[in-house]
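*Asks:* Below are the structure tokens for one structure; questions will follow.
The values are calculated or read from the model by the stated rules, or taken from the named source; none is laboratory data. All figures in this text were calculated on a predicted structure; none of them were measured in a lab. No Cβ is skipped: glycine too gets one built from the backbone with ideal geometry, and neighbour counts run over all protein chains shown. Heads up: the accessible areas ignore ligands, DNA and RNA and are worked out on the full protein's heavy atoms, side chains in. Shrake-Rupley method; radii C 1.70, N 1.55, O 1.52, S 1.80 Å.
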Amino acid sequence: MKVIYTDSLVIGGGLAGLRVAIAAMQRGYDTIVLSLIPAKRSHSAAAQGGMQASLGACVKGEGDDEDVHFGDTVKGSDWGCDQDVARMFVNTAPKAIRQLAAWGVPWSRVRGGDREVIINGEKVTITENHEAHGLITARDFGGTKKWRTCFTSDGTGHTMLYAMDNKAIELGTEHMRKGKGVPSPYGDHLWLDITLLGRKHIEKNLREVKEICEYFLGIDPVKEYIPVRPTQHYSMGGVRTNATGESPTLKGLFSAGEAACWDMHGFNRLGGNSVAETVVAGMLVGEFVADYCAANPLKVSTATIAHFLKKEENKITDLLVRDFGENPFELKAQMQKIMMDKVGIFRNGPDLEQAVEELTVLNQRARNIALRNRISSSNPELVEAIRVPKMIKLAQCVAYGALLRTESRGAHAREDYPERNDRDWLRRTLTTWKDDGSDLPDISYEDLDVMKMEMPPGSRGYGVDNIILHPDSEKRMAEIEEIKKTNSAADRLELQQLLNPTPIPEKFKGKNERIGRGYK
Amino acid sequence: MSDQARVLKFQIFRYNPLKKGDKPRMVTYEVTEAPGMTIFIALNEIRETQDPSLQFDFVCRAGICGSCAMVINGQPDLACRTLTANFKDGEIKLLPLPGFELIGDLSVNTGKFMRAMSERIESWIHDQHADDVNYDKLEERMDPDVAEEIYELERCVECGACVSACATKRMRPDFLSAVGFMHLARFALDPRDKRTDEEFYEIMGNDDGVFGCMTLLGCEDYCPKDLPHQTQIAYLRRKMALIK
Ligand SMILES: Cc1cc2nc3c(=O)[nH]c(=O)nc-3n(C[C@H](O)[C@H](O)[C@H](O)COP(=O)(O)OP(=O)(O)OC[C@H]3O[C@@H](n4cnc5c(N)ncnc54)[C@H](O)[C@@H]3O)c2cc1C
Ligand code: SF4
Ligand code: FES
């Protein structure tokens, strides 16, 4: 057994993993990034839309600040987010953008003067301030009060990931393993019309979309409608952590980015808030990881390592010697179909119940996978055989959690329970697996404490409000009014400290400057 | 289009260097064409239904991540955005990108090459004051046109097509190649990178650098992102020629 020692091991070389690694390396800790694929090929590269941060430099972002961003984030989450985390996040996001600018991201900039834009399907002319010329600009990404999504033409994620990985290469090491792609299902579609945007805009800012249309569909989006269909493109939820990013149940395990339930997205994520989460969580959690390295000398028992190594080896050997059994590709395809048909955008009890039953059967069948290609190295079927059972278990967590949640909140829309029920469901779903052989995950709930909220649950400002109120909502609102009255001399930043005194690492505590407004 | 679906014939290079006794060979697979089928979709179908050992790389399947370059009927290109309908006779021959370490079948280690390239050209912003920047303050301004120009050169996805299409690289194993030049042009243009021309000369002012290029421009012909290799290589050459 050969053991490789390092102060911090980062699994995943997307934006979040790399940013955590950079933080740990900058604090002097040995760090290894382990990734299935070269870091620059991570999915983060695909985030073309952009990253939210309240810089407020473009004219449609005037008046933006951390508080407005906070409000949008909490509403977007349908009050399911952790408000401490959302606070840390919105306060740090402007610094994250500016740091990435210093590291090389060629963010699109404000150009003083008139320009044509499309707002609500209409062409209008807006005038950018000349004083803001050359500062980082932003665009609309839906669901926000201000234009807050910073971007790089049509390649935001690409430029962020390249700058981040280059910084990581400058600082240290990165190890990779080979990875696999994900197949795409076909099916019914809708039409997307972007012809109104015009050739120039499409060719510059939506070139990647244009390329996809031309190469994949053989159509010209400047003139023709684009066929589109819904697909899963983000996972809300993840490894549950506390506000420092550390697991509440396994000391020394931290999680950040899309894999984490740090929980700033709650039940729906705002467009542009997820790449923002990766870098901001990377900055903050990275500091906490380094703190952890400082406080805890590396102490691992080789017996523990040997135990787990043996366990994994046995799993692989079992797969390699089994003569007959299930085909992992087929199991995956069936899982995908169940999720698509029964756990999609609009959900209902009977469908979810069936989905849970069928997935449980798949879970059982997945214990009996056999390979056609029985070699232990460089074997895509073996990779699938290891991953598919875990994917099925994750699908079970989603479907079972959705079945039990008898309300509609954020992206969870139940046709049979259309109301948002704060009284009974203002709580986070936690799933755990007792052991590898369980048929279903155990489900428990973590209540959200309304009395600690900076912004108690109210109207989310989109769709029809159909809410069963939480008994504490009004109480907390009154309390907040009272605090505001007794501290009428406090500015917004002091007031925020009173309402939600979130601990932010010293490094990132400073107030953010904005053009025309200073540090207010 | 006829309603009768075509049967595509794929000839695929197979070789697993980790498997004892395995020998390089071409294997033929037949796949029934579906509407909108890409080479990515076809390869997956082959792997799932015919030969689970087939190795190839994809991540984004949308022409964004640069994982899937391979030689398709003699031309390097991104397999995920190549439609099978483009091939009139339905015969498609797939080879791994030459010039890179072979992992197996169609999978090559572009990651290792690109990482070494990044270290060689130090593909990051060089500014000794970068770590003293106060991020609470307004960011340094940049002309919007300059930002766009930098982005135009930064669109490279490190797919390796240009490297495999380069005749110079075939003769000079350590030739930096177009992907390296494109990154260098990007950093040379960036006002945030404080490297001097002399420092850039140290990196590329030799025959394994920009002076070695024979200007056959396979890079320009095959770059799936249509990056302006010819202009940028000429620009770097002029710039470097002025140094010594
Ligand atoms: C097409 C698309 C468009 C998007 N657009 C936007 C947008 O405009 N704005 C926005 O805010 N968000 C957007 N998102 C979401 C956002 O990009 C992601 O949430 C975010 O980039 C995730 O970053 P990450 O670092 O957490 O993970 P990733 O970038 O996905 O990185 C995960 C890393 O983990 C590694 N890995 C995975 N499994 C293993 C394993 N078993 N062992 C070792 N390593 C492993 C992978 O190799 C990879 O390096 C988009 C997402 C997609 C897919
Ligand atoms: S320059 Fe073009 S061909 Fe070369 S690696 Fe970059 S994207 Fe690929
Ligand atoms: S799979 Fe990403 S470019 Fe083809």
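*Asks:* A:GLY12: over 30 Å from A:ILE119 (Cβ atoms) and more than 16 Å from ligand 3 (Cβ to nearest atom), yes or no?
*Replies:* When the stated conditions are applied, A:GLY12 passes them.
Residue-by-condition table, conditions (1) facing another protein chain (nearest Cβ under 7 Å); (2) without any contact (Cβ under 8 Å) to a residue 40 or more places away in the chain; (3) in contact with a helix residue (DSSP H, G or I) (Cβ under 8 Å, 6 or more places away or on another chain):
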residue: B:GLN4; (1), (2), (3): no, yes, no
residue: B:ASN16; (1), (2), (3): yes, no, no
residue: B:ALA34; (1), (2), (3): no, yes, yes
residue: B:PHE56; (1), (2), (3): no, no, yes
residue: B:ARG61; (1), (2), (3): yes, yes, yes
residue: B:ASN73; (1), (2), (3): no, yes, no
residue: B:LEU78; (1), (2), (3): no, no, yes
residue: B:ASP89; (1), (2), (3): no, yes, no
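*Asks:* If I go through region A:373-431 residue by residue, how many of them are touching a Ser or Thr at 6+ places or on another chain (Cβ under 9 Å) and within 14 Å of another protein chain (Cβ to nearest Cβ)?
*Replies:* 8
*Asks:* State all residues of region A:500-514 that are more than 15 Å from A:VAL285 (Cβ to Cβ), in contact with a helix residue (DSSP H, G or I) (Cβ under 7 Å, 6 or more places away or on another chain) and open to solvent by 100 Å² or more (accessible area, probe 1.4 Å); if no residue qualifies, say none.
*Replies:* A:LYS511
*Asks:* Would you check if there is a residue in region A:461-471 being of a type in the set (Phe, Trp, Tyr) and farther than 22 Å from A:ALA355 by Cβ?
*Replies:* Yes, the conditions are met somewhere in region A:461-471.
*Asks:* On to the next question. Looking only at region B:118-140, decide whether some residue is within 14 Å of ligand 2 (Cβ to nearest atom), under 19 Å from A:GLY155 (Cβ atoms) and open to solvent by less than 20 Å² (accessible area, probe 1.4 Å).
*Replies:* For region B:118-140, residues within 14 Å of ligand 2 (Cβ to nearest atom), under 19 Å from A:GLY155 (Cβ atoms) and open to solvent by less than 20 Å² (accessible area, probe 1.4 Å): present.
*Asks:* Now for a different question. Could you tell me which numbered condition A:ASP341 fails, if it satisfies all but one of (1) part of a helix (DSSP H, G or I); (2) within 29 Å of A:ALA53 (Cβ to Cβ); (3) of a type in the set (Asp, Glu)?
*Replies:* In the conditions (1) part of a helix (DSSP H, G or I); (2) within 29 Å of A:ALA53 (Cβ to Cβ); (3) of a type in the set (Asp, Glu), A:ASP341 misses (2) alone.
*Asks:* B:ILE39 fails exactly one of the following numbered conditions: (1) facing chain A (nearest Cβ under 8 Å); (2) within 16 Å of ligand 3 (Cβ to nearest atom); (3) buried (at least 18 other Cβ atoms within 10 Å of the Cβ). What is the number of that condition?
*Replies:* All conditions are met except number (1).
*Asks:* For region B:145-175: of the residues being within 13 Å of B:GLN232 (Cβ to Cβ) and open to solvent by less than 30 Å² (accessible area, probe 1.4 Å), which is farthest from the other protein chains (Cβ to nearest Cβ)?
*Replies:* Here the residue is B:CYS162.
*Asks:* Also: For residues in region A:29-58 being more than 14 Å from chain B (Cβ to nearest Cβ) and away from ligand 1 (no atom under 15 Å from the Cβ), which is farthest from A:LEU9 (Cα to Cα)?
*Replies:* Among those that are more than 14 Å from chain B (Cβ to nearest Cβ) and away from ligand 1 (no atom under 15 Å from the Cβ), it is A:TYR29.
*Asks:* Out of all the residues in region B:180-198, is one or more within 14 Å of another protein chain (Cβ to nearest Cβ) and within 16 Å of ligand 3 (Cβ to nearest atom)?
*Replies:* No, region B:180-198 contains no residue that is within 14 Å of another protein chain (Cβ to nearest Cβ) and within 16 Å of ligand 3 (Cβ to nearest atom).
*Asks:* Being within 16 Å of ligand 2 (Cβ to nearest atom) and over 18 Å from B:THR110 (Cα atoms) is the requirement here; does B:ARG6 meet it?
*Replies:* No, not satisfied.
*Asks:* Working only within region A:13-27, note down all residues that are in a loop (DSSP other than H, G, I, E, B) and surrounded by fewer than 24 Cβ atoms within 10 Å (Cβ to Cβ).
*Replies:* Passing the criteria: only A:ARG27.
*Asks:* Next up: Being open to solvent by 10 Å² or more (accessible area, probe 1.4 Å) and either in contact (Cβ under 8 Å) with a residue 40 or more places away in the chain or within 13 Å of chain B (Cβ to nearest Cβ) (or both): is that true of A:ASP154 here?
*Replies:* It is false that A:ASP154 is open to solvent by 10 Å² or more (accessible area, probe 1.4 Å) and either in contact (Cβ under 8 Å) with a residue 40 or more places away in the chain or within 13 Å of chain B (Cβ to nearest Cβ) (or both).
*Asks:* Continuing with this model, one more query. Just to verify a result, which residue in region B:42-52, among those that are more than 16 Å from ligand 3 (Cβ to nearest atom) and without any contact (Cβ under 8 Å) to a residue 12 or more places away in the chain, is farthest from the chain's Cα centre (by Cα)?
*Replies:* Across region B:42-52, the extreme among qualifying residues is B:THR49.
*Asks:* Can we say A:VAL3 is within 16 Å of ligand 1 (Cβ to nearest atom) and outside any helix (DSSP H, G or I)?
*Replies:* It is false that A:VAL3 is within 16 Å of ligand 1 (Cβ to nearest atom) and outside any helix (DSSP H, G or I).
*Asks:* Taking the stated definitions as given, is B:GLU158 within 16 Å of ligand 2 (Cβ to nearest atom) and of a type outside the set (A, V, I, L, M)?
*Replies:* yes
*Asks:* Residue by residue through region A:42-54, note down the ones that are open to solvent by 10 Å² or more (accessible area, probe 1.4 Å) and within 16 Å of ligand 2 (Cβ to nearest atom).
*Replies:* Within region A:42-54, just A:ALA46 meets the criteria.
*Asks:* Tell me the residue from A:PRO380, A:PRO328, A:PRO297 that is modelled with pLDDT under 95 and surrounded by 18 or more Cβ atoms within 10 Å (Cβ to Cβ), please.
*Replies:* After ruling out the rest, the residue left standing is A:PRO380.
*Asks:* Keeping to region B:141-173, report how many residues are under 22 Å from A:THR152 (Cβ atoms) and of a type in the set (Gly, Ala, Ser).
*Replies:* Adding up the residues that qualify gives 1.
*Asks:* Shifting gears a bit: What about A:THR278, is it hydroxyl-bearing (Ser, Thr, Tyr) and within 23 Å of A:LEU18 (Cβ to Cβ)?
*Replies:* yes
*Asks:* Could you check region B:91-109 and list, in sequence order, the residues that are within 9 Å of chain A (Cβ to nearest Cβ), open to solvent by 10 Å² or more (accessible area, probe 1.4 Å) and touching a residue at least 24 places away in the same chain (Cβ under 8 Å)?
*Replies:* Hit for region B:91-109 is B:ILE103, nothing else.
*Asks:* Let me ask you something else. State which residue is nearest to B:TYR151 (Cα to Cα) when the search covers only region B:219-235 and only residues that are away from ligand 3 (no atom under 14 Å from the Cβ) and within 14 Å of chain A (Cβ to nearest Cβ).
*Replies:* Ranking the candidates gives B:LEU227 first.
*Asks:* On the basis of being over 16 Å from A:MET264 (Cα atoms) and open to solvent by less than 10 Å² (accessible area, probe 1.4 Å), does A:ASP30 make the cut?
*Replies:* It is false that A:ASP30 is over 16 Å from A:MET264 (Cα atoms) and open to solvent by less than 10 Å² (accessible area, probe 1.4 Å).
*Asks:* Quick check on my filter: what residues within region A:92-109 are farther than 24 Å from A:THR73 by Cβ and either more than 7 Å from chain B (Cβ to nearest Cβ) or in contact with a Ser or Thr (Cβ under 7 Å, 6 or more places away or on another chain) (or both)?
*Replies:* Hits for region A:92-109 are A:PRO106, A:ARG109.
*Asks:* Provide a single number: the residues in region A:78-96 that are over 19 Å from A:ALA16 (Cα atoms) and either assigned to a helix (DSSP H, G or I) or among the aliphatic types (A, V, I, L, M) (or both).
*Replies:* Residues in region A:78-96 being over 19 Å from A:ALA16 (Cα atoms) and either assigned to a helix (DSSP H, G or I) or among the aliphatic types (A, V, I, L, M) (or both): 2 in total.
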